[in-house]
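The values are calculated or read from the model by the stated rules, or taken from the named source; none is laboratory data. Treat the numbers as computed from the prediction; the structure is a model and nothing was measured. Don't worry about glycine lacking a Cβ; one is built from the backbone with ideal geometry, like all the others, and counts go over all protein chains shown. The protein model used for the area step is the full one, side chains on, heavy atoms only, and it has no ligands, DNA or RNA in it. Shrake-Rupley method; radii C 1.70, N 1.55, O 1.52, S 1.80 Å.
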Amino acid sequence: TLHRREPGRSTYPSSLTDREWEVLEPVLAKVKDPRGRKPRHPPREILNAIFYAARTGCQWRQLPKDFPVWTAVWSVFRRLRDSGTLERLYEALFALWRQLEGRSASPSAGIIDSQTVKTTEKGGFADTTPARRSKAGKDTSLRT
C-alpha cells in the first residue's frame, strides 16, 4: 500500500502531516471538554493515536507506549464521535486531500448505480437454508 509519506523516527504512517494539522487544529479548537478541564495531552498526539488505532485495527489498550495513555485517547475519541466532531474532521481532511490532487474541495456530481444483484423472489437466509430435521423421527424435536 502507498502511504502519504514515509514515517520518521518518532511517527507512524498514520500520523498527521503538518498541513493536515493546520486544517484540523481550528476544528478541534471549537471542542471544549464538558468537564471544564484543560487537556493533559496535546490534541495532535491524541489524534495521531486515534488514527493509528483506526489504521492498524489495534485495541485501545494495545496502543504503543509513545502515545498518550489509552484511557485518555478513548475518552477523547468517544467525545469527538458523539458530538459529531469526528465527522467534521473527516470532512475537512477529505476536502484537503481533494485539493492536493488538484480537484475541487467538494464533488460537483455523483453517480448512482442502479444495478442490483439478482436473487430469488423470497430471498433471504431462511429460503436458501434447508430446515434441520431430527434423526429420531419426523414428530420429535431436537433437545435444547
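Quick notes on this structure:
- Ranked order, F77, F94 - accessible area, probe 1.4 Å, largest first: F94, F77
- Cut-off 20 Å, label 7 Å out along Cα→Cβ of E22, residues of region 40-64 by amide N: 43-45, 47-48
- Share of carbon and sulfur in the accessible heavy-atom surface of region 22-75 [1.4 Å probe, %]: 52 percent
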